Amino acid sequence: MNKNDIIQSDRRIESGEPLLELIDLKTHFKTERGLVRAVDGVTLSLKRGESLGVVGESGSGKTVLSRSIMGLLPSTAVKHGSVKFAGQDIVGFSAKQMRHLWGAEMSMVFQNPLNSLNPLMKIGKQITEPLKLHLGMDKATATATALQLLRDVRIPEPERRLNQLPHELSGGMRQRVMIAIALACGPTLLFADEPTTALDVTVQAQILDLIGEQRRDRNMSVILVTHDLGVVAGHTDQIAVMYGGKLVEHAPTKTLFANMKMPYTKSLMRSIPKLSDPSHTRLATIPGRPPDLVNPPLGCNFAPRCMYALPKCHVEEPPLTPTADPKHVYACWYPVGSPEFEKRDAELQATGYMPEDFSAVS
Amino acid sequence: MAGTGKAHLRDGDKVLSIEDLVVEFKVGRDSTVKAVSGISFDVLRGETLGIVGESGCGKSTTGRAIMQIPPPTSGSIIFEGAELTEMTSSAVREARTRVQMIFQDPVSSLNPRRSVRDSVLEPLEIWKRGTKEERNKLVDEILESVGIDPARAAESKPHQFSGGQCQRISVARALVLDPTLIICDEPVSALDVSVQAQVLNLLEDLKEKFGLTLVFIAHDLAVVKNISDRVAVMYLGKLCEVASSDDLYARPAHPYTNVLLDSIPEPDPEADHSVGKIVGEPPSPISPPSGCRFHPRCAYATDICTRQEPQLRPMGDGHFVACHHPVETPVEIR
């Protein structure tokens, strides 16, 4: 396939149609133990310039989801469903076809910048390489562009950085370099997979602001993958909560925080230590562990760990149900606000959210 | 911050007392990394002291210096009345049975080739505590108290457990010798929020059950507030502020503490996410700034801050700050 055959999303995505559309995307891995259903039927869409937060614990499938879209999966992976990028179904694309999209249309910032940068290559070369390859720039133009990129991501003394190696920079600085590389070819979709987990809080705030600023300046879409609801609250337009490979709640960010429906989302929120609580406040925990994705539990995936589960939850899987706001969907039989939930919540409150029957699960 | 002074040291039943701790590392031919530059603090029996700061502020180095890995360049570390820095190496080894440490990465701090039960049992065998039956019984009890099934621990290696479970196992191994003090170096920063909450609750329970004293090192102020009685804020090898946990957060006096607090991502989309962000990163500890070490990044810095190092001084209620221009917080806000 010639590079020119690839749809230039810049020109196509002006009419408000989604830049990215996932329809019932499934990613399964063949292993000795059986089929691992890492992503199991995810449907969502993202417009140009929008940002999506994908939230979940380790093993929820959030990282596999973003890698499925990028086509960065080992050969044991089997994908079903469809991934439409700029109107084109890319789910069956080979690595060779995807290569035209990587960098130029979609790129990724990883969690650990030291592992993702080439330790033996100068920063300048790592930024100019994709520019020469994808955009056909000559050396001088590429170097000038690299300098501008380093300025865009607010790296002090950018001229000096071009000739430095990754180990000479601090963690926050390296993550800025990663972002500069990811932005180099002007992608329309940026994945950030736990981009700040390895960084200090002060630097985390700076990096999240930087990603948001670049998103606005470049009218780029961003998918922010994280386990921390605090990180996505101020930096996304919509949030998808994943559990056991499935979407369990999906809503515009403000709607979600104002009206969490899924007990899982609520529990994640409660487990974050809050500055407004006095010290030694007992934290709410989610007992147990994420489900085995080879033999997922019958019924709702979350039921075995859910303090609100009733018999129906253990036999029948809840479908994604819309609320009054059709953009807000959740998968739960007894959501927050339902009479069954409220009754159980009152009981739990009396025990300080530490019911006897759950102490054994942890 | 960049402060020195000992105004904040207390009387009472001290488990640990540190004075003028200095840790420096030689790099290259003639430069020195000044990781910790003269800090003093004490930890009372049964207390949890939180130490917070950014990477490179010296908080982990301080924790390791207490363990004598490596021994500090100068200063005094008195643990249960004995000066650790003057002990023979065998006496230090013995003291380490009473000061244990838990590290950030739980998986890599366990031996990957041994069953986790063996890893928990090993300290007892090295120190020949009790009979074989007594040792086995104790290990089973401790594993159960951290929520790990002893039978599974006997037949499983670290990689067969999740990160949260491995951290529980590390806690069990630290507990098995019945220590007085446990130094926790970023014990939850590699864990998911849901698992982080489990480990924090567990540490609180065990502290009560085994009568422990904790030093809790972390960069996340919300986590530190949750677990600590008292918090020390560090910047570039110096102490900035020391206060009781609730007081520090109710009226942070040091500009740097304010910056740290403002950087925490609030799980609330309506919150103002643009306030109080700090620019830049800490300077190199090889050539720290003159005067107050925080002055190049401080919004309140004046001429005196570049020349004179602030001393820790009392702000009332056991609250101490090393700053020439501490932030005044109206009392009503509390």
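Against the definition (farther than 27 Å from A:Met269 by Cα, away from chain B (no Cβ under 14 Å), modelled with pLDDT of 90 or more and surrounded by fewer than 18 Cβ atoms within 10 Å (Cβ to Cβ)), how does A:Arg160 come out, yes or no? Reasoning before the result, please.
Values: farther than 27 Å from A:Met269 by Cα: yes; away from chain B (no Cβ under 14 Å): yes; modelled with pLDDT of 90 or more: yes; surrounded by fewer than 18 Cβ atoms within 10 Å (Cβ to Cβ): yes.
Spelling it out, A:Arg160 is indeed farther than 27 Å from A:Met269 by Cα, away from chain B (no Cβ under 14 Å), modelled with pLDDT of 90 or more and surrounded by fewer than 18 Cβ atoms within 10 Å (Cβ to Cβ).
Using beta carbons and a limit of 6 Å, which pairs, at least six apart or on different chains, have the first residue in the range B:283-307 and more than 22 Å from B:Glu24 (Cα to Cα) and of a type in the set (D, E, K, R) and the second one modelled with pLDDT of 90 or more and surrounded by 15 or more Cβ atoms within 10 Å (Cβ to Cβ)?
Close Cβ pairs (under 6 Å, with a partner that is modelled with pLDDT of 90 or more and surrounded by 15 or more Cβ atoms within 10 Å (Cβ to Cβ)) amount to B:Arg307/B:Gly291.
Can you give me the number of residues within the range A:268-314 that are more than 14 Å from every other protein chain (Cβ to nearest Cβ) and among the small types (Gly, Ala, Ser)?
Of the residues in the range A:268-314, 3 are more than 14 Å from every other protein chain (Cβ to nearest Cβ) and among the small types (Gly, Ala, Ser).
Would you check which residues across the range B:72-121 are touching a residue at least 40 places away in the same chain (Cβ under 8 Å) and in a helix (DSSP H, G or I) and list them? I'd like the intermediate steps shown before the answer.
Of all residues in the range B:72-121, those touching a residue at least 40 places away in the same chain (Cβ under 8 Å) come to B:72-80, B:97-107, B:109-116, B:119-121.
Result: B:Val116, B:Ser119, B:Val120, B:Leu121.
All but one of (1) at pLDDT 90 or above; (2) out of contact with any strand residue (DSSP E or B) (no Cβ under 6 Å at 6 or more places or on another chain); (3) of a type outside the set (Phe, Trp, Tyr); (4) under 20 Å from A:Ile286 (Cβ atoms) hold for B:Val195, so report the exception by its number.
(1)
Mind listing whichever residues of the range B:194-238 are out of contact with any helix residue (DSSP H, G or I) (no Cβ under 9 Å at 6 or more places or on another chain) and crowded, with 22+ Cβ neighbours inside 10 Å?
Within the range B:194-238, B:Leu236, B:Lys238 qualify.
Just give me the residues in the range B:242-258 being within 11 Å of chain A (Cβ to nearest Cβ) and either of a type outside the set (D, E, K, R) or closer than 19 Å to B:Lys6 by Cα (or both), in sequence order.
So in the range B:242-258, the residues within 11 Å of chain A (Cβ to nearest Cβ) come out as B:244-250, B:252, B:256.
The answer is B:Ser244, B:Ser245, B:Leu248, B:Tyr249, B:Ala250, B:Pro252, B:Tyr256.
Just name the residue that is nearest to the other protein chains (Cβ to nearest Cβ) out of those in the range B:203-241 that are among the hydroxyl-bearing types (Ser, Thr, Tyr) and touching an Asp or Glu at 6+ places or on another chain (Cβ under 8 Å).
Pass one, the range B:203-241, residues among the hydroxyl-bearing types (Ser, Thr, Tyr): B:213, B:228, B:235.
Still in the list and also touching an Asp or Glu at 6+ places or on another chain (Cβ under 8 Å): B:213, B:235.
Working: B:Thr213: 15, B:Tyr235: 11 Å.
Checking each candidate, the answer is B:Tyr235.
Quick check on this structure: which one of A:Val83, A:Val55, A:Val39 is of a type in the set (A, V, I, L, M), touching a helix residue (DSSP H, G or I) at 6+ places or on another chain (Cβ under 7 Å) and within 14 Å of chain B (Cβ to nearest Cβ)? Break it down into steps so the answer makes sense when it comes.
On the way: A:Val83 fails: within 14 Å of chain B (Cβ to nearest Cβ); A:Val39 fails: within 14 Å of chain B (Cβ to nearest Cβ).
Selected residue: A:Val55, the only one of A:Val83, A:Val55, A:Val39 that is of a type in the set (A, V, I, L, M), touching a helix residue (DSSP H, G or I) at 6+ places or on another chain (Cβ under 7 Å) and within 14 Å of chain B (Cβ to nearest Cβ).
(1) within 11 Å of chain B (Cβ to nearest Cβ); (2) buried (at least 24 other Cβ atoms within 10 Å of the Cβ); (3) at pLDDT 90 or above; (4) not in a loop (DSSP other than H, G, I, E, B): which one isn't true of A:Val248, the others all being true?
Tallying (1) within 11 Å of chain B (Cβ to nearest Cβ); (2) buried (at least 24 other Cβ atoms within 10 Å of the Cβ); (3) at pLDDT 90 or above; (4) not in a loop (DSSP other than H, G, I, E, B), A:Val248 fails exactly one: (1).
Scan the range A:155-174 and give yes if some residue there is in contact with a Pro (Cβ under 7 Å, 6 or more places away or on another chain), farther than 30 Å from A:Glu17 by Cα, among the hydrophobic types (A, V, I, L, M, F, W, C) and assigned to a helix (DSSP H, G or I), otherwise no.
For the range A:155-174, residues in contact with a Pro (Cβ under 7 Å, 6 or more places away or on another chain), farther than 30 Å from A:Glu17 by Cα, among the hydrophobic types (A, V, I, L, M, F, W, C) and assigned to a helix (DSSP H, G or I): absent.
The values are calculated or read from the model by the stated rules, or taken from the named source; none is laboratory data. The shown structure was predicted, so the numbers you read here are calculated from the model rather than taken from an experiment. No Cβ is skipped: glycine too gets one built from the backbone with ideal geometry, and neighbour counts run over all protein chains shown.
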